[in-house]
């Protein structure tokens, strides 16, 4: 649906049209260049693909845009499920709003000529915030296909990080363990974690607690449900100190090779075989569908598993809703001797998703200046946190905090319609990470704010480890390697086939290896590695290595 917000003063001027002398309001929300001022009002038409509601007519941030920049946004909001049809209609018509906010991974706006390349505009020096945002990653952000001119068309809306990565909930890979296990063990030191220490914690607790709410206690799950086979196959890479590059480990010389047949894999599956034969691994684990796996976790009976946090969020929510926080999980990071944990990484930038300036806009400089102003720290704080004194407070230490009332209203849809610009925030380029003053971009990622939302049990648990968030239980996410991640490198047909064959070989052989007799481990392992030896692994590795080199050169 399309809506023009009320309060529009005057009409949209073109960049070339005459204007009155600029009057620049006081404060750091004003455009000091005078391009956008209340004395020369500007209406910008904006297309955004979003599920968020239209801002209410009395929205206070709409008024703030008008008071400080003289900008009124005329929104056209399209839900993602309706975007395909809408994009087709727009491209056929050839006339576009001033700003286009899109999540279209098919690149139709770029390749259809709907967007303006921004490179020459940035060279003028008139857009310092955009330049600061794009410059370190401009090759990665830029279009490099053959359908139209190469260049920067879209400013990504997520995962361009500034400063440290913060967050409350950890969604990445880990060896997860229930909080009740650590509580029972007296909240042991979790640094220098090893596989043996991890399994010992689980074994000790299971011996004392053979049942959970009347059901048998399960020590460890290692399923390989269709589409999530990586639950079973990825642990050896994490144990080796590698970030999640999929089926390969990339060494310090940026060379990738599979690890499925290497010692880090053999040692892990040998350990799992030992634990299976001691009764610690669920005998049903290899037959579980994803739904059945989630149901087992939601029952509270499973003490541990290796998985990615996002994958079992529903199970965690279910346990919390039942006030069974002691059955929810903490991420641990065991590694092989000599390895350094590298479990947490930085989320991958949303390339080709975000905001661009349309090719038909008659006020391109104003449109880009608007994005430039929105990328300034003061406006980023307004869009994410709100208005100081109304939506949050600044303490004597400079940290942003909210009251319980402010936290509650921030989740109220009616309040949000009048006090937030959620559709704009969703698609606008962001300072993900931390601001220069150390505050998190998002209230949900501010450690003290996250801690304030926890249950009494979780607060007590956190206190034992002197932490405020679950993210603090894993490594600080460093800058991603330039090529990262290798798992989303495009593969040719031969490499795709080899990759699928490696997955099939794992699913067919690893359950036999793990569930087999300990005395048969070497025989079963050799059968697995012999199968890998019959696969054209080189074609897969070559494709990954070519992709890595292409990214290092072009990103």
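Every number in this text was worked out from the coordinates using simple rules, so none of it is lab data. Quantities reported herein were computed from a predicted structural model and do not represent experimental measurements. For neighbour counting, all protein chains shown are included, and Cβ atoms are generated from backbone atoms with ideal geometry for every residue, glycine included.
All distinct Cα pairs of the chain go into the 1/r average, and the inverse of that average, the Kirkwood radius, is 26.1 Å. Sorting 185-196, 514-525 by their mean Cβ neighbour count within 10 Å, with the most densely packed peptide first, gives 514-525, 185-196. To the nearest 0.05, what FRET efficiency results for residue 39 and residue 390 with a Förster distance of 41 Å applied to their C-beta separation? For R0 = 41 Å, the calculated efficiency reads 0.95. Relative to the globular-protein estimate of 2.2 N^0.38 Å, the Cα radius of gyration of the stretch 126-235 stands at 1.76.
Against the chain, whose longest principal axis comes from its Cα atoms, helix 195-208 is set at around 70 degrees. Secondary-structure-derived ellipticity at 222 nm for the chain, considering helices only, amounts to -11000 deg cm²/dmol, per-run term -39500 (n - 2.57) for DSSP H runs with n ≥ 4. The Kirkwood radius of the stretch 439-530, taken over pairs of alpha-carbon atoms, gives through the Stokes-Einstein law at 4 °C and 1.567 mPa s a diffusion coefficient of 71 µm² s⁻¹. Annotation: the antiparallel percentage among DSSP beta bridges lying fully within the chain is about 60. Across the chain, the mean sequence separation of Cα contacts (distance under 8 Å, 6 or more residues apart), normalised by length, yields a relative contact order of 22 percent. The angle between the Cα long axis of helix 456-465 and the longest principal axis of the Cα atoms of the chain comes to about 70 degrees, rounded to the nearest 10.
The distance between label points at residue 187 and residue 207 comes to 2.5 nm (points 7 Å beyond Cα on the Cα→Cβ vector). Multiplying the residue separation of residue 54 and residue 538 by 0.36 nm and removing their Cα-Cα distance gives an extension gain of 169.0 nm.
Taking 0.36 nm per residue of separation and subtracting the current Cα-Cα distance, fully stretching the chain between residue 32 and residue 81 would add 13.7 nm. Shape annotation for the stretch 348-462: C-alpha extents along the principal axes are 57, 31, 27 Å, from largest to smallest.
For the chain, the longest principal axis of the C-alpha atoms and the axis of helix 493-515 are separated by about 40°.
P(r) tail, the stretch 253-395: Cα-Cα pairs separated by more than 23 Å, 65% of all pairs. Packing, as the average of other Cβ atoms within 10 Å across residues, places the peptides 299-311, 225-237 in the order 299-311, 225-237, highest first.
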